[in-house]
1. Look through region 106-130, keep the residues that are within 19 Å of Leu156 (Cα to Cα) and part of a loop (DSSP other than H, G, I, E, B), and return whichever of them is farthest from the ligand (Cβ to nearest atom).
2. Which one is nearest to Ser500 (Cα to Cα), of the residues in region 544-587 that are among the hydroxyl-bearing types (Ser, Thr, Tyr) and surrounded by fewer than 16 Cβ atoms within 10 Å (Cβ to Cβ)?
3. Keeping to region 355-379, report how many residues are surrounded by fewer than 23 Cβ atoms within 10 Å (Cβ to Cβ) and under 29 Å from Pro584 (Cα atoms).
4. Which residue out of Trp285, Trp278 is under 26 Å from Gly105 (Cα atoms), assigned to a loop (DSSP other than H, G, I, E, B), in contact with a helix residue (DSSP H, G or I) (Cβ under 8 Å, 6 or more places away or on another chain) and more than 16 Å from the ligand (Cβ to nearest atom)?
5. Just need a number here: residues in region 129-154 that are under 22 Å from Cys271 (Cα atoms) and surrounded by 20 or more Cβ atoms within 10 Å (Cβ to Cβ).
6. For the list (1) away from the ligand (no atom under 16 Å from the Cβ); (2) in contact (Cβ under 8 Å) with a residue 40 or more places away in the chain; (3) in contact with an Asp or Glu (Cβ under 7 Å, 6 or more places away or on another chain); (4) part of a helix (DSSP H, G or I), I need the number of the one condition that Gln199 fails.
7. Which one of these is more than 16 Å from Leu562 (Cα to Cα), modelled with pLDDT under 90, part of a strand (DSSP E or B) and in contact with a Lys or Arg (Cβ under 7 Å, 6 or more places away or on another chain): Ile482, Ile470?
8. Picking from Tyr235, Tyr258, which residue would you name as being within 16 Å of the ligand (Cβ to nearest atom) and open to solvent by 10 Å² or more (accessible area, probe 1.4 Å)?
Amino acid sequence: MKKLLLSIMMVLFGAIHFSYGQLNPVDSFPERLKWFTDAKFGLFVHWGLYAIPAGYWHGSAIPGPSEWIMYNGKIPVKDYEPLAKEFNPTEFSGEKWAALARETGMKYLVFTAKHCDGFAMYDSKISDYNVVSATPFRRDVLKELESGCQKEGIKLGFYYSHNWDWHESQALGLDNTWDFPDSKSKNQNIYFQKKALPQIKELVTNYRPDLIWFDVPTTIEPAQSKAFLDTIRKYRPASVINDRIGNGFGDYLTPEQYIPAAGSKVLFESCMTLNDTWGYNVSDWNWKSAPTVIYNLVDVVSKGGNYLLNVGPDENGNFPEEAVRILKEVGKWMKVNGESIYETSSSPVGQLPFGACTAKPGKLYFHVFHWPENGLLTLPGINCKVKNVYLLADHKKKTLDWQNAGKDILVKLKTQSFAAENLNNVDNVIVLEYSGPIVYDSTELLLGEGAATSFLPQNARISGDSLKYIFNEKWDETRGYITSNWSVAGDKMVWDYRLSADGWFNIEITYGAPEEVLGSTFKISSARNEISGTIENTGGYYSFKTKMIGRIHLQANSSANLEIQAVQLKSGSLLNLKQIRLIPVPKQALVF
Ligand code: FHN
């Protein structure tokens, strides 16, 4: 159990392979990556023998992701292999999958050619343990998917678990210790030379992948990662390769199940499940809604990344109906607003209280998640020569009323001035066309008219000798700037902000603090309001928890500040602060 957790931690948080190595900066990368960075949105498909048990073995639910049932159930190879005899997904259609991806607005599809259970979902000559030789289905799923994608103009990527293989006696990583208990005597190079490398060669010679998506490089050594790279570069030189090839040989990073903080300097692709599991699980109904998928996609793209969204088809080759419904709903939004996603770059105007921003030369796409109640959208701290402002959904591009107001641009968004069919209740995109440079003043945050505003360490003025902020390199949701060395009472961080209308705000703080500082105190104050807080043990300076610490009333003002100050320190550093969030309290929620 300890080995399993350690291995996964090391992969997910990139401790093993994480060095910038050949990872490409967001602003300068080889031409062969252009399709990928323009595409922004892809479909991940986990499909294999594990779709048959779908999370259950002999009637009992096996905890954990369904594609891990062999590992979590410690199912011997002799009992797992016979699943192949049952695998006959007659309703499978590579074209149907590709068509759904295109209808959803996705530009590429990544399919599990071989997952950690070792079963090849293509016609492999290297191992008979594959869908053509070992099943009654006898059809080459990968070949059919390749032609379906070609027909639909969708780029195709192959997922391949090169380090872990629970079918093989010599494979390491998180290895099969129930059939092959003596891990110490295993030589993973035998597995690489006999199976993984020759299969990768098959995949890049008998097929035409645009991307290779490796996974979990926990025990692979640099020379072995390099061998995979050289094989791909020899036969498919333009292929895009993710970072999980290991040892820094990939093109981009792959945060899993989270969206990194803004400011990533290298290309990244956030991969996420549409429900909670990658492979099909008959009882996993925890689906993300279409709006959530759109918010995630826009959030990732506004930070310069790609979004790879996963579906696990059932044993017949069908996507769960609910997944199809959600993807088609996302597709409706993408059909109208795709221009604000594809071929864009990250927000040049920071985070926005009402939503997010994506950009193209001469164009800013403001994604309005929270439509301003007062019909006035404030674009904070943005100064440029505006040529036109319009709603993207409005084909006539009718110019909206806008004006420069000090440091801001105000746009009139009177709902009644829009054709109802052009508005949606998820994300309405306002396009601002401009010429010349954009001058962006990030010093003062504008407090939200609908959305919470995050106060981040890197935007604060610090008073105190030791207190500082550092960049937390971890590849998880804590990645980003945090404070450290808050060891003197009185030391504080101050942020400037503006507020266009009086309002109540809940104060939420995300921090990490160990047992020994339990009971230390701090205060957060703004405009004669003050709230005190007592530090709780979150499990350590790098184990971040979010706490709601109170509610504050703030008056409209053109310039004010929010500060957090250490009051009483038990020992060491008060905390590692990740962010403070002010969340507007809707008027109707206020009970006095
Ligand atoms: O263990 C796998 C998991 O099954 C799935 O394939 C994900 C996809 O990113 N990768 C591993 C967990 O990190």
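The values are calculated or read from the model by the stated rules, or taken from the named source; none is laboratory data. For clarity, every value in this text was computed on a predicted model and none was experimentally measured. For neighbour counting, all protein chains shown are included, and Cβ atoms are generated from backbone atoms with ideal geometry for every residue, glycine included. Ligands, DNA and RNA are stripped out before the accessible areas are found, and what is left, the full protein with its side chains, is counted by its heavy atoms. Shrake-Rupley method; radii C 1.70, N 1.55, O 1.52, S 1.80 Å.
1. Of everything passing the filter in region 106-130, Asp123 is farthest from the ligand (Cβ to nearest atom).
2. This residue is Ser558.
3. Residues meeting the conditions: 11.
4. Trp285
5. Final tally of qualifying residues: 5.
6. (3)
7. Exactly one residue qualifies, and that residue is Ile482.
8. Exactly one residue qualifies, and that residue is Tyr258.
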